[in-house]
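Peer 1: The following block contains the structure, expressed as structure tokens.
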Amino acid sequence: MTGGTQWDQVGGHRDDGEEHPRRRLTVLAGPTAVGKGSVAAEIRRHHPEVWISVSATTRSPRPGEVQGRHYWFVTDEEFDELVATDQLLEWAVVHRGARYGTPRKAVEEALAEGRPALLEIDLQGARQVRTTMPEALFVFLAPPSWEELVRRLVGRGTETPEERERRLETAKAELAAESEFDVTVVNTEVHAASEELVALIKNVPSHS
Ligand code: 5GP
């Protein structure tokens with residue numbers, strides 16, 4: 001990236017975003033299992049006008065996941081190359097040692113076209129974007145309660161007890177990061193949460 005010029009046109013926080021309501025980047029983060037992926041999928045289904053970044057990852061595809069649609073599934077070597085050539089806006093090691101990152105060029109192109117753009121990433125990634133693109137809107141997706149978050153974590157049933165414990169510890173630390181964000185959306189129900197997020201992405205005050 002060559003400095004702030006392009007990002008200066010992206011729009012601002014909610015208080016000055018009226019001027020460029022559609023030229024903005026929104027970053028969605030939140031604790032493990034809160035449902036970030038489901039909310040993003042709901043937006044993909046109902047709001048094709050919102051551009052959603054497709055991350056690169058070194059993890060293997062799950063059944064039904066499509067290359068280039070859900071993720072760009074890459075090898076460790078390919079990911080090394082993306083990092084070395086500065087092609088990622090941010091990247092982080094998430095669960096089980098897999099790396100995830102946001103391809104920079106696609107985001108820049110979407111924003112240059114004036115499309116509202118969304119990144120669904122983990123907290124470490126959100127913090128990186130905060131330092132490089134502080135003008136983005138940072139949205140924290142929160143569970144309705146701690147008990148509900150635990151239920152969603154356990155409900156997945158895909159982790160060992162040790163892994164689950166580790167995830168709960170991570171989730172606690174992640175919940176504590178809420179105050180770093182501009183706004184919180186509570187994910188009580190996926191469709192309602194996704195609509196609330198789209199309103200924020202498009203800079204429509206949700207109280208009007
Ligand atoms: P999953 O493997 O279940 O699809 O995603 C695991 C985690 O990786 C989620 O918390 C998701 O938000 C995060 N994630 C997905 N893409 C990215 C990315 O590009 N960057 C970062 N930092 N995290 C990501």
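Derivation of every value follows stated rules applied to the coordinates shown; laboratory data play no part. In this text, all values refer to a predicted model and were calculated from it rather than measured experimentally. Quick reminder, even Gly has a Cβ in these numbers, built from the backbone with ideal geometry, and neighbours come from all protein chains shown.
Peer 1: Per residue of the chain, what 222 nm ellipticity follows from adding -39500 (n - 2.57) for every DSSP H run with n ≥ 4, rounded to the nearest 500?
Peer 2: Mean residue ellipticity at 222 nm (helix-derived): -11500 deg cm²/dmol.
Peer 1: If a/c stays under 1.5 just call it rounded; otherwise compare a/b with b/c (prolate if a/b is bigger, oblate if not). Do that for region 117-208, with a ≥ b ≥ c from the square roots of the Cα gyration tensor eigenvalues.
Peer 2: Taking the square roots of the gyration eigenvalues as a ≥ b ≥ c, region 117-208 is oblate.
Peer 1: Take every DSSP beta bridge with both residues inside the chain and express the antiparallel ones as a percent of the total, to the nearest 5.
Peer 2: Once the DSSP bridges in the chain are tallied, antiparallel ones form about 30 percent.
Peer 1: For labels at residue 147 and residue 190 in the simple 7 Å Cα→Cβ model, what's the distance in nm?
Peer 2: My value for the distance between the label points is 2.4 nm.
Peer 1: Can you give the Kirkwood hydrodynamic radius for the chain, in Å, rounded to one decimal and based on Cα pairs?
Peer 2: 17.6
Peer 1: Among the lysines, select those whose C-alpha is under 21 Å from the C-alpha of residue 202, and discard any that sit fewer than 8 residues away in the same chain.
Peer 2: Of all the lysines, those that pass the test against residue 202 - Cα under 21 Å, at least 8 places apart if same chain - are 36.
Peer 1: Using amide H atoms built in the peptide plane, which far-off residues or other-chain residues are under 5 Å from residue 185 H to H?
Peer 2: Under 5 Å from the amide H of residue 185 lie the amide H atoms of 140, 141, 142, each far enough along the sequence or on another chain.
Peer 1: Is region 68-163 rounded, prolate or oblate when judged by the Cα gyration tensor, a ≥ b ≥ c being the square roots of its eigenvalues, rounded requiring a/c under 1.5 and prolate requiring a/b larger than b/c?
Peer 2: Judged from the Cα gyration tensor, region 68-163 comes out oblate (a/c at least 1.5, b/c at or above a/b).
Peer 1: Another question about this same structure. Would you please name the GluC sites (Glu not before Pro) within region 110-197 that are DSSP coil residues with at most 14 other C-beta atoms within 10 Å of their C-beta?
Peer 2: Loop-located and lightly packed - 113, 189.
Peer 1: Continuing with the same structure: What residue among 116, 140, 35 has its Cα farthest toward the positive end of the dipole of the chain, where the charges are +1 on Lys, Arg and -1 on Asp, Glu, each on the Cβ?
Peer 2: In the chain, that residue is 35.
Peer 1: If contacts are Cα pairs under 8 angstrom and at least 6 residues apart, what is the relative contact order of the chain in percent?
Peer 2: With pairs under 8 Å counted, the relative contact order is 32 percent.
Peer 1: OK, next. Among 158, 50, 171, whose Cα projects farthest towards the positive end of the dipole of the chain, with charges put on the beta-carbon of Lys, Arg (+1) and Asp, Glu (-1)?
Peer 2: Farthest towards the positive end: 158.
Peer 1: I've got another one for you. Ranked by Cβ crowding within 10 angstrom, fewest neighbours first, how are 51, 72, 146 ordered?
Peer 2: 146, 72, 51
Peer 1: Would you order 100, 71 from fewest to most other beta-carbon atoms within 10 Å of each residue's own beta-carbon?
Peer 2: Listed from fewest to most nearby Cβ atoms, that is 71, 100.
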